[in-house]
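Here the structure comes first, spelled out in structure tokens, and everything after it is commentary.
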2 protein chains.
Amino acid sequence: MDVKVLRLGHRPSRDARITTHVCLTARAFGASEVILSGEEDPKLMEGVEDVVRRWGGPFSVVYRRNWQGVIDSWKKDGGEVIHLTMYGLPARDVVPGIKDNGKDKLIVVGGARVPGKVYSLADYNVGVTNQPHSEVSSLAVFMHMLLDGAEFDLKFEDARIEVIPQARGKMLREIDDDGD
Amino acid sequence: MDVKVLRLGHRPSRDARITTHVCLTARAFGASEVILSGEEDPKLMEGVEDVVRRWGGPFSVVYRRNWQGVIDSWKKDGGEVIHLTMYGLPARDVVPGIKDNGKDKLIVVGGARVPGKVYSLADYNVGVTNQPHSEVSSLAVFMHMLLDGAEFDLKFEDARIEVIPQARGKMLREIDDDGD
């Protein structure tokens, strides 16, 4: 099952950090790609690519102005589209049904103003609770539920560094070219 | 079990939106309070308080310059301190042990530079995965795991509006003073 994230309505001046967190969350929770829409932001994309170079992948970030084309071709290829919104049906009720159907998932997270059309194009409009909080937390918890917590088992390829988990303090391991 | 969140090293110029998302995530996932440290940011606090006025509580946001005093008095009162960090032990291994001990939880989320002392003062240093992503997603997934998903059952008091979940579109209900 391939999972990609479509980030709508990005504005470099206001959203750079939030969108970066969306991208890094997508990667850490096993999505293969984030598709940015809204305004182009090469600096943001370079920052995310730099994380991938150091911490491993595969993971890519691409820009597509035409977000509706992204959704249409995803559905045409047999994938399903899940729009995360506080107005949607509770994730707890919806996730079990979509978890095991094997279809590729395009998870859509909005920006400031989500076009009404998104609600009708999506196969599911899903709320991680129906309270206002954050597209970053919604994405993370949705992915955690979709993966049944398997984000803790993910291995990233070609990483140059990795964390050795510690009860106290920080330990980073540098990985040389032989993978040692 | 009371849960509060301590946000370290806030910088209004850079962190306003991320810290706002931390606050709203804390509220939506059942924390009773966020304690901000770093620089004061009355505008941010007013924004969060406005969400509480409209969407309900109880939830508060307070400022404390002396974050170490917050940690010390929390521990003195019998609570435990959980520092969320990508360098820590995997949440999946740690959460079961701390979930059912009944102690109040102070969840510490860092900013740009977390003082080394935080790692030693915390009872637990916990990673929501050991990959770089976001304090917002770490907080959300940690709370989701701590609550066993009970964020979907939370009721907020004195809300003026609430979402009526929909498969398509948006529905908000305004609640009058009689609670109808």
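The values are calculated or read from the model by the stated rules, or taken from the named source; none is laboratory data. Everything numeric in this text was worked out from a predicted model, so none of it was measured. Because the Cβ atoms are built from the backbone with ideal geometry, glycine has one as well, and the counts that use them run over all protein chains shown. With ligands, DNA and RNA removed, areas are computed over all heavy atoms of the protein, side chains included. Shrake-Rupley method; radii C 1.70, N 1.55, O 1.52, S 1.80 Å.
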Using a 1.4 Å probe, how large is the accessible area of B:HIS144, given in Å² and rounded to the nearest 10? 20
For the stretch B:3-153, with the dipole built from +1 on Lys and Arg beta-carbon atoms and -1 on Asp and Glu ones, taken about the Cα centre, which of B:GLY97, B:SER73, B:ALA150 lies farthest toward the positive end? B:SER73
For the stretch A:1-98, state the average projected area of the convex hull of the C-alpha atoms over all orientations, rounded to one decimal in nm². 6.9
Unit charges at the beta carbon, dipole of the protein assembly as shown: most positive-side option, B:PRO58, B:THR19, B:GLY127: B:THR19
Once A:ARG168 and A:SER13 are pulled to full extension, the length gained, defined as 0.36 nm per residue separation minus their Cα-Cα distance, is 52.1 nm
Using Cα atoms only, what is the angle between the long axis of helix A:42-55 and the major principal axis of chain A, expressed in degrees (0 to 90) to the nearest 10? 50
For the stretch B:3-153 the mean separation of alpha carbon contacts under 8 Å (6+ apart) over residue count, i.e. relative contact order in percent, is 29
How big is chain A along each principal axis, measuring the range of its Cα positions in Å and listing the largest first? 49, 35, 33
With a 1.4 Å probe and every protein chain left in place, tell me how much accessible area A:ARG173 has, in Å² to the nearest 10. 90
Report the FRET efficiency, 1/(1 + (r/R0)^6), for A:ASP104 and A:ARG160, where r is their Cβ-Cβ distance and R0 is 35 Å, rounded to 0.05. 0.75
Ellipticity estimate at 222 nm from DSSP helix runs (n ≥ 4, -39,500 (n - 2.57)) divided over chain A, nearest 500: -11500 deg cm²/dmol
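Which value, in debye to the nearest 20, describes the size of the charge dipole of the protein assembly as shown about its Cα centre when Lys and Arg Cβ atoms bear +1, Asp and Glu Cβ atoms bear -1, and nothing else is charged?
680
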What are the ³J(HN,Hα) couplings of the stretch A:65-75, residue after residue, when phi is run through the Karplus curve with 6.51, -1.76, 1.60 and θ = phi - 60°? Round to Hz, x for glycine and proline. 5, 8, 5, 5, x, 4, 5, 4, 6, 4, 5
Rounded percent of accessible protein surface that carbon and sulfur make up, the stretch B:3-153, 1.4 Å probe: 47
Net charge within 15 Å of A:GLY116 by Cβ-Cβ distance, Lys/Arg positive one each and Asp/Glu negative one each, not counting A:GLY116 itself? +4
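Residues with beta-carbon under 11 Å from that of A:ASN101, excluding A:ASN101: net charge, scoring Lys, Arg +1 and Asp, Glu -1?
-1
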Among beta bridges that DSSP assigns inside chain A, antiparallel share in %, nearest 5: 15
Return the ratio Rg/(2.2 N^0.38 Å) for the protein assembly as shown, where Rg is computed over Cα atoms only. 0.96
Mind checking the mean number of beta-carbon atoms from other chains within 10 Å of the Cβ atoms in B:17-29? 5
Got a sec? Which residues in the stretch B:65-98 would a label at B:GLU49 touch, if it sits 7 Å along Cα→Cβ and we count backbone N under 20 Å? B:65-66
The stretch A:3-153, dipole about Cα centre (Lys/Arg Cβ +1, Asp/Glu Cβ -1), debye to the nearest 20: 360
Post the alpha-carbon centroid distance, the stretch A:2-58 to the stretch B:13-59, in whole angstrom. 25
Return the sequence-ordered ³J(HN,Hα) values of the stretch A:104-121 in whole Hz as given by the Karplus equation 6.51 cos²θ - 1.76 cosθ + 1.60 applied to θ = phi - 60°, using x for Gly and Pro. 5, 10, 10, 9, 9, 10, x, x, 4, 10, 8, x, x, 4, 4, 5, 8, 6
Would you please report the Å³ per residue occupied by the convex hull of the alpha carbon atoms in the stretch A:103-157? 124
For the stretch B:73-133 the translational diffusion coefficient, Stokes-Einstein from a Kirkwood Rh over Cα pairs at 10 °C and viscosity 1.306 mPa s, in µm²/s, is roughly 132
